[in-house]
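Novice: Attaching a single structure in structure tokens format; questions to follow.
The values are calculated or read from the model by the stated rules, or taken from the named source; none is laboratory data. This structure is a prediction, so every number in the text was calculated from the model and none was measured. Every residue, glycine as well, gets a Cβ built from its backbone with ideal geometry; the counts of neighbours run over all protein chains shown.
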Amino acid sequence: MSNIGSYGERLNDFDWSLSEQELDYNKGDVINIGWYCTDRNCEQGLAEKTAFIWENAAGDERTYTFDDMRVLTNTIASYLKELGLEPGDRICLFLDRVPELYLSFLGILKMGGIAQPLFSAFGDESLHQRLGPAGTSAIFTQRKHVAKIRKIRDSLPDLKHIIVVDGDPEKLREREVIFDLDSTPRVEEFDVHPSTAETPSVLHYTSGTTGQPKGALHVHYSLISQYLSARWVLDLQPDDIYWCNADPGWVTGTSYGIIGPWANGITQAVLDSGFQTERWYKFIEKHRITVWYSAPTAIRLLMREGLDTVSKFDLSSLRHLCSVGEPLNAEAVHWSMEAYGLAFHDTYWQTETGSMVITNYPGMPIKAGSMGKPFPGIEATILDPDTFEPLNETGSVGVIGLKPGWPSMFRTYWNNQEVYDSKFINGWYVCGDRASIDADGYYWFQGRDDDTINTGGHLVGPFEIESALLEHDSVAESAAIGKPDEVNMEVVKAFVALKPGFEAGPDLELEIMNFVRKRLSPLAMPQEIEFVDSLPKTRSGKIMRRLLRAQEWGEPIGDISSLEND
Ligand code: WT7
């Protein structure tokens, strides 16, 4: 029997107080996510239960009980306090998926800090754009990533502590300290910060269509949504061994790779290694993974390897599969039925929503290719893209609107209330995606309603890429768009007009690609650069990415009456 039972019945009289009661939370109480994920499980009799199984590419393995988690997160929280860090300080996690990433995330929350996770493959410029505006006070990192921080720290006056978890005492520079968790004396008791519902918890940077990335700020009360959706959608049950293959640099890796599952007292397994089909299957087989939360790009890569590879492993432990981040095509759902005897359940949400908002539930019939239906307590609709009034018409495509007020909704964009406010129109939070609803109430994703590029489930902002391109000596003008890709759905393509004296060609193309990769990240690196004489612009001088994109996708070009050079 699934946790949700009947979706239809759960909709009747749904109230978030149901989740509050399960967590013994009453309005006005202290609510600290770090405590809920560790101490509370110990109080519930799970102290000796395995909480965390960790393995890296080399096959090194570690396991932690909930009591280990409690003590280690205490140890980190108290270390941060001793460093002089205070509640409300932004503390960044710039780590591979090492145990310290997970433990420090919870340790930061326990001392009242705001955890700011960033993808460890980010280059110095991507890092700078997220640490500077956030006024980040401290950053956890590894020896292998410290050079990128050294490059930018002189222009980050707020960054007081660079905490290297595997540091070499001989090689420390200014502001750097070593924190070796294994040798730090354990702290049994720690006064957890008495955060309440609206106390900030996590700051997740996300890219949009214009400007630099924005920091979506979440609060401790988000737990109410994350706990219940992990229970009802991921269907986590006491004996499960759960694997979320997302990196906590993105919201999936925190909401459902840390908070939701551990607040449910579930055993989580983490693989600190990139994608490799056989390695992944071996991991599932070895740890007897039962519930797996993955993403369409990974599923398409697994599909490419075919059923023969699947049959080499015993994957019979799997009982429930979910997916997030990009449209899950019907073909992938059918293939997973064939390969694993289970359908991937698509889930739709965003950094800003903090938890799943439209999803497929265990027991509810899946329509392959559909994102499913709104989570109980989430009021969703399709809005007319011009008037932002609900369309209320079966099959009409418009933009997804959500009625504000669910617990895990972001509370602001860090220092950017203006852009935050602009996301709310006519009382709806406007997601920036287009979709339609069918006669049975299922949602069908159509595409983004802006220029943001979704590559392998990761949003990349065209503006960030264009800014990086312009820093290259040869580039006079640039535009970045997503171009279709069989595996990643989209990859970045850049259009570049060169300054006089530079010659277009494969050498320069490669040089510019690497330039962007190093500054931003491998994800933001253009996979193709098209050299052009000039870029199409509106009369007011804005580059018309829409036109370039339509050409690339072979779509109708639409209204170009504002084109400057027509
Ligand atoms: C954007 C949000 C939420 C975790 C990962 C992404 C796209 C997300 C789906 C889905 C089609 C999806 C949307 C959304 N997206 N899930 N199931 N089907 N598209 O978080 O980085 O904030 O990206 O990802 O465009 O707005 P994010």
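Novice: Out of curiosity, is Glu418 outside the structural domain of Leu301 (by TED's automatic domain parsing) and either more than 16 Å from the ligand (Cβ to nearest atom) or assigned to a strand (DSSP E or B) (or both)?
Specialist: No, not satisfied.
Novice: If we keep just the residues of the stretch 494-520 that are closer than 28 Å to Leu328 by Cα and crowded, with 22+ Cβ neighbours inside 10 Å, which is farthest from the chain's Cα centre (by Cα)?
Specialist: Result: Ala494.
Novice: I'd like the full set of residues that are outside any helix (DSSP H, G or I) and of a type in the set (S, T, N, Q), limited to the stretch 1-36.
Specialist: The answer is Ser2, Asn3, Ser6, Asn12, Asn26, Asn32.
Novice: Checking the structure you have, find out if any residue of the stretch 286-305 is surrounded by fewer than 18 Cβ atoms within 10 Å (Cβ to Cβ), outside any strand (DSSP E or B), charged (D, E, K, R) and at pLDDT 95 or above.
Specialist: yes
Novice: Hey, among Lys403, Lys367, which residue is without any contact (Cβ under 8 Å) to a residue 40 or more places away in the chain and either among the aliphatic types (A, V, I, L, M) or out of contact with any Pro (no Cβ under 9 Å at 6 or more places or on another chain) (or both)?
Specialist: Being without any contact (Cβ under 8 Å) to a residue 40 or more places away in the chain and either among the aliphatic types (A, V, I, L, M) or out of contact with any Pro (no Cβ under 9 Å at 6 or more places or on another chain) (or both) holds for just one of Lys403, Lys367, which is Lys403.
Novice: Same structure again: Does Val270 qualify as being at pLDDT 95 or above, in the same structural domain as Trp35 (by TED's automatic domain parsing), under 19 Å from Ala343 (Cα atoms) and surrounded by 24 or more Cβ atoms within 10 Å (Cβ to Cβ)?
Specialist: No; evaluated as a whole, the condition is false for this residue.
Conditions (1) within 24 Å of the chain's Cα centre (by Cα); (2) of a type in the set (A, V, I, L, M, F, W, C); (3) within 16 Å of the ligand (Cβ to nearest atom), marked per residue:
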site	(1), (2), (3)
Thr277	yes, no, no
Lys286	no, no, no
Arg300	yes, no, yes
Leu307	no, yes, no
Val310	no, yes, no
Ser316	no, no, no
Gly325	yes, no, yes
Leu328	yes, yes, yes
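Novice: Take Gly447 and tell me if it is on the phi > 0 side of the Ramachandran plot and surrounded by fewer than 20 Cβ atoms within 10 Å (Cβ to Cβ).
Specialist: Judged against the criteria, Gly447 is a match.
Novice: Would you pick out the residues in the stretch 18-39 that are closer than 30 Å to Ala77 by Cα and surrounded by fewer than 19 Cβ atoms within 10 Å (Cβ to Cβ)?
Specialist: Gln21, Glu22, Leu23, Asp24, Asn26, Lys27, Gly28, Asp29, Val30
Novice: Which of the residues that make up the stretch 393-450 are more than 28 Å from Gln129 (Cα to Cα), among the hydroxyl-bearing types (Ser, Thr, Tyr) and touching a Gly at 6+ places or on another chain (Cβ under 8 Å)?
Specialist: Ser436, Tyr442, Tyr443
Novice: Tell me, please, whether a residue that is surrounded by fewer than 18 Cβ atoms within 10 Å (Cβ to Cβ), part of a loop (DSSP other than H, G, I, E, B) and free of Cβ contacts under 8 Å to residues at least 40 places away in the same chain can be found in the stretch 353-363.
Specialist: no
Novice: Please list, ordered by first then second residue, the pairs with beta carbon atoms under 7 Å, 6 or more apart or interchain, first in the stretch 173-193 and among the aromatic types (Phe, Trp, Tyr), second surrounded by 11 or more Cβ atoms within 10 Å (Cβ to Cβ).
Specialist: Phe179/Tyr79; Phe179/Ile163; Phe179/Val165; Phe190/Asn74; Phe190/Ala77; Phe190/Ser78; Phe190/Lys110
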